[in-house]
1. Taking square-rooted eigenvalues a ≥ b ≥ c of the alpha carbon gyration tensor, is region 145-269 rounded, prolate or oblate, where a/c under 1.5 means rounded and, failing that, a/b exceeding b/c means prolate?
2. For a quick check of understanding: with a 1.4 angstrom probe and all protein chains in place, what accessible area in square angstrom does Trp26 have, to the nearest ten?
3. When all protein chains stay in place, what accessible area (Å², nearest 10, 1.4 Å probe) is found for Ser40?
4. Write down Rg/Rh for region 9-51, rounded to two decimals, with Rg from the C-alpha atoms and Rh from the Kirkwood relation over Cα pairs.
5. Take peptides 179-187, 133-141, 317-325 and line them up by average Cβ neighbours within 10 Å, highest first, as a rough protection proxy.
6. Work out the charge dipole of the chain with +1 on the Cβ of Lys and Arg and -1 on the Cβ of Asp and Glu about the Cα centre, then indicate which of Ile298, Ile218, Leu133 is farthest towards its positive end.
7. Kindly report the accessible area of region 11-168 per residue (heavy atoms of protein chains, probe 1.4 Å, no ligands, DNA or RNA), in Å².
8. Bin by bin, in steps of 10 Å, what percent of the Cα pairs in region 277-414 do you find, going until the bin that has the longest distance?
Amino acid sequence: MQREHRGFKFDWITIALFLILVGFGWLNIVSASHTGEITSYFDMSQPYGKQLMFIMLTLALIVIILSIEAKFYERFASIIYFISLLSLIGLFIFGKNVNGATSWYAIGGMTLQPSEFAKFATSLAVAKYISDLQTNMKTLQDQLKTVAIIVVPAILILLQNDAGSTIVYASFFFVFYREGLQQIYLLIAVAILLLSVLSLKFGVLFTAILSAILIFTIYFLKRKKRASFLQPIVVLVLCIGFAFGVRTFYDSILKPHQKDRISLWLRLEKDPEKLQQMKQTILYNLNESEKAISSGGITGKGYLQGTRTTGKFVPEQHTDYIFSTVGEEWGFAGSALVVVLFVALIIRVLYLAESQKNQFSRVYGYCVASILFVHFTINTGMVMGLIPTVGIPLPFFSYGGSGLWGFTILLFIFVKLDSNKINEW
């Protein structure tokens, strides 16, 4: 029987949320970057003028993405992924160093950051591999192959000294869990996080003792008949070895500025004089950001009326710290609106992902939602001092063509895939 072709139906709720976020983000970029009276919003010497150009190019990019056949993205996922890897490798030869990170290609007077595009390329590759009929995510072999797809670009980005972008690749863990990854991996992930914090905060000896108490308590309470006593001993040795490795990595491998950020977050520094010095240097951005957000109150000071924003108290406010502009000028009400918009977009993508008729589209949808969630959570948490400071943009909000285009491609490929579900068997 011939399949009936009924055309495409784009999800306008997702598109509307995207447009609102991009538009609201641009308004805040104007506020964070203007240096006085605004004579033209198309002033290419100002970030808001460049961002407006990026937005207009983004609209053209959306048309191209939606015009391409949906099956193209699945069919050529592997090729797109390998091209992305080549672009990351090329940075080691042709890359431009900016603020200590070799993450950009200089093209004329502009720069292009391949790591922003590697996210959608990796998402396509992960979706392609997991949806393959021969892939079984419950087998160790296929789990390792899927992890390798993610680890390769993550390592390349880390070697470019871009730790913030590397962290985002942990978001794929949520995708694996949805696709049948055993619960033991979730427990291992939580254990790794706790061991890392405990070993840095209280030392390896305390961590070893606490681990021994917990492991043997669980063993004696839940052990079955003929259970090997060797099992808890092996687990304890692994825990101690990991805690020792984390401490060694922190003391001997991390760079001073990275150690200082972790030290301030976990309150590791005991010397009051050095602690105050660290706060005045490393925490300067964060302190000014918190002051800007808190000064906004409930309704904010008004658009273009933020004194700390117009006074340029917060460095990089139009990029990673753009949320502080929202807090000062739009207040708690505006900040809450931004949170609601992002949560609504993420939930909408998850809802659409669950309604897909093929696994490739579903997995890719979960990749999109997970990446947006991690970016949003880390950026807002960083600006408010809830997590250590890392260089990571707020999707659709922060200044930058590469970031805007990367997130747009990531989202609208899914919009295209979702529109094609009415044509799937």
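1. Taking the square roots of the gyration eigenvalues as a ≥ b ≥ c, region 145-269 is oblate.
2. 40 Å²
3. Its heavy atoms expose roughly 50 Å² to the probe.
4. Ratio value, two decimals: 1.15.
5. Taking the mean over residues of other Cβ atoms within 10 Å, the ranking is 317-325, 179-187, 133-141.
6. It is Ile218, whose Cα lies furthest towards the positive end.
7. With all protein chains present, region 11-168 gives 49 Å² per residue.
8. 12, 38, 30, 14, 5, 0
The values are calculated or read from the model by the stated rules, or taken from the named source; none is laboratory data. None of the values given here were measured: they were computed from a predicted structure. Cβ atoms come from the backbone with ideal geometry, glycine included; neighbour counts cover every protein chain shown. Areas reflect the complete protein model, heavy atoms only, side chains present, ligands, DNA and RNA absent. Shrake-Rupley method; radii C 1.70, N 1.55, O 1.52, S 1.80 Å.
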